[in-house]
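Colleague: Mind having a look at this structure? Questions to follow.
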Amino acid sequence: DVKVTQSSRYLVKRTGEKVFLECVQDMDHENMFWYRQDPGLGLRLIYFSYDVKMKEKGDIPEGYSVSREKKERFSLILESASTNQTSMYLCASQPGRAGGHQPQHFGDGTRLSIL
Amino acid sequence: SQQGEEDPQALSIQEGENATMNCSYKTSINNLQWYRQNSGRGLVHLILIRSNEREKHSGRLRVTLDTSKKSSSLLITASRAADTASYFCATRAGGFKTIFGAGTRLFVKA
């Protein structure tokens, strides 16, 4: 079974801090994604990566950056945390090419609170 | 705007009944997927149906796809209390993105 591991289930940080969320997958998947999930809004894509050192902006990249130095690890960085970034963050991985027929595999999420 | 929109937003049924959730989308797709999310956890993939398929089954799950109406439905037969969760449809076109709807919250009463 594919395992996607997010480093923390719960995290509390202060406004203005630089926050790192880590995600590791163990199935050699090419594609990795970061989403945030807020009530009533579904999942919104922040950034994704289809290869090492490659990254693409999603729908809501403002205030975030990412890093993919190794294939198995995809990090989400909140440059200067703000209260409106309080949310559930979900990481996913996926094999294959653009437009392919493979589902995404999700971690259990990090519930981040910015005080 | 979101590609997939589920209907209803919430559904409450008795154990043993069938649950039907619907999804509508706006643009052409390569495939449509359904995921389940238990409270406080990540999403789990349930079933994927390609744009050239009309129906797919997996255990107690039945998914239909009508590309002319840009809609899909997920049927869970003989529901159980353990089926209580949120269910999301997601669509994928030609790129890397998968677009998720806001979900249907299903509550199955024992």
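Colleague: Run the quick spin-label model on B:Asn22 and A:Phe20: label points 7 Å from Cα toward the beta carbon, then report their separation in nm to one decimal.
Modeller: With each label placed 7 Å out from Cα toward Cβ, I get 4.9 nm.
Colleague: Can you tell me the FRET efficiency between A:Ser113 and B:Gln9 if r is taken as the Cβ-Cβ distance and R0 is 25 Å, rounded to the nearest 0.05?
Modeller: On the way: r = 26 Å, r/R0 = 1.02.
Efficiency computed from Cβ-Cβ geometry: 0.45.
Colleague: OK, next. List the residues whose amide H sits under 5 Å from the amide H of A:Asn31, counting only those 5 or more places along or on another chain, with H placed 1.01 Å from N in the peptide plane.
Modeller: Sorted by chain and number, the residues that satisfy this are A:Gln94, A:Gly96.
Colleague: Another question about this same structure. Dipole size in debye (nearest 20) for the protein assembly as shown around its Cα centre, Lys and Arg Cβ +1, Asp and Glu Cβ -1? Don't skip to the end; give the middle numbers.
Modeller: Values: 31 positive and 24 negative charges, 15 e Å.
Computed about the Cα centre, the dipole is about 80 debye.
Colleague: Could you work out how far the C-alpha centroid of the stretch B:12-45 sits from that of the stretch A:94-115, in angstrom?
Modeller: 16 Å
Colleague: On to the next question. Please give the contour-minus-distance gain from B:Asn38 to B:Asp66: 0.36 nm per residue of separation, less the Cα-Cα distance, rounded to one decimal in nm. Don't skip to the end; give the middle numbers.
Modeller: Numbers: separation 28, 0.36 × 28 = 10.08 nm, distance 2.74 nm.
Length difference between fully extended and current span is 7.3 nm.
Colleague: Cα-Cα over 29 Å: which of A:Lys18/B:Lys26; A:Lys53/B:Lys26; A:Lys13/A:Lys53; A:Lys3/A:Lys57; A:Lys70/B:Lys56; A:Lys71/B:Lys26?
Modeller: Cα-Cα > 29 Å for A:Lys18/B:Lys26; A:Lys53/B:Lys26; A:Lys70/B:Lys56; A:Lys71/B:Lys26; rest within.
Colleague: Shifting gears a bit: So if I place +1 on the C-beta of Lys and Arg and -1 on the C-beta of Asp and Glu, and nothing else carries charge, what would the dipole magnitude of chain B be about its Cα centre? I want it in debye, nearest 20.
Modeller: Numbers: 15 positive and 9 negative charges, 56 e Å.
For chain B, the charge dipole is close to 260 debye.
Colleague: For chain B, what is Rg from Cα atoms divided by 2.2 N^0.38 Å, rounded to two decimals? Walk me through the numbers before you get to the answer.
Modeller: Values: Rg = 13.2 Å, N = 110, 2.2 N^0.38 = 13.1 Å.
Here the Cα radius of gyration is 1.01 times the empirical estimate.
Colleague: Hey, another quick one. Could you tell me what percent of the accessible area of chain A is made up of carbon and sulfur, with a 1.4 Å probe and every protein chain present? Let's see the in-between values first.
Modeller: Numbers: 2700 of 5540 Å².
So the carbon and sulfur contribution to the accessible surface is 49 percent.
Colleague: Just checking the output field for A:29-40: average partner chain Cβ neighbours within 10 Å of each residue's Cβ?
Modeller: Details: counts 0, 1, 2, 0, 3, 0, 4, 0, 8, 1, 2, 3.
Averaged over the peptide's residues, the number is 2.
Colleague: Under 10 °C and 1.306 mPa s, how fast does the protein assembly as shown diffuse according to Stokes-Einstein, given a Kirkwood radius computed over C-alpha pairs? Answer in µm²/s, whole number.
Modeller: Calculated translational D: 89 µm²/s.
Colleague: Ordered by packing density, taken as the mean number of other Cβ atoms within 10 Å over each peptide's residues, highest first, how do A:104-112, B:68-76, B:101-109 rank? Write out the running numbers ahead of the final one.
Modeller: Working: A:104-112: 21.8, B:68-76: 16.9, B:101-109: 19.7.
Result, highest mean Cβ count within 10 Å first: A:104-112, B:101-109, B:68-76.
Colleague: Follow-up question, since we're still on this one. Given the C-alpha atoms of chain A, compute the convex hull and give its volume per residue in Å³. Each step should come with its number before you reach the end.
Modeller: Values: hull volume 11.3 nm³, N = 115.
Output value, Cα hull per residue: 99 Å³.
Colleague: Taking each residue in B:42-48, count the Cβ atoms of any other chain within 10 Å of its Cβ, then average. What number comes out? Kindly include the intermediate steps, with their values, before the conclusion.
Modeller: Numbers: counts 14, 12, 3, 8, 1, 1, 3.
Mean partner shielding for this stretch: 6.
Colleague: Quick check for you: with a 1.4 Å probe and neighbouring chains kept, what is the accessible area per residue of the stretch B:5-109, in Å²? Don't skip to the answer; put the middle values down first.
Modeller: On the way: 4930 Å² over 105 residues.
Normalised by residue count, the accessible surface of the stretch B:5-109 is 47 Å².
Colleague: Could you order the peptides A:61-69, B:24-32, B:50-58 from most to least packed, using the average number of other C-beta atoms within 10 Å per residue? Intermediate results must be reported in sequence, preceding the final value.
Modeller: Values: A:61-69: 15.1, B:24-32: 17.8, B:50-58: 12.1.
Packing order, densest peptide first, comes out as B:24-32, A:61-69, B:50-58.
The values are calculated or read from the model by the stated rules, or taken from the named source; none is laboratory data. Only a predicted model underlies this, so the values are computations on that prediction, with no experimental measurement involved. Ideal geometry is used to build each Cβ from the backbone, glycine not excepted, and the neighbour counts take in all protein chains shown. Surface areas here come from the heavy atoms of the whole protein model, side chains and all, with no ligands, DNA or RNA. Shrake-Rupley method; radii C 1.70, N 1.55, O 1.52, S 1.80 Å.
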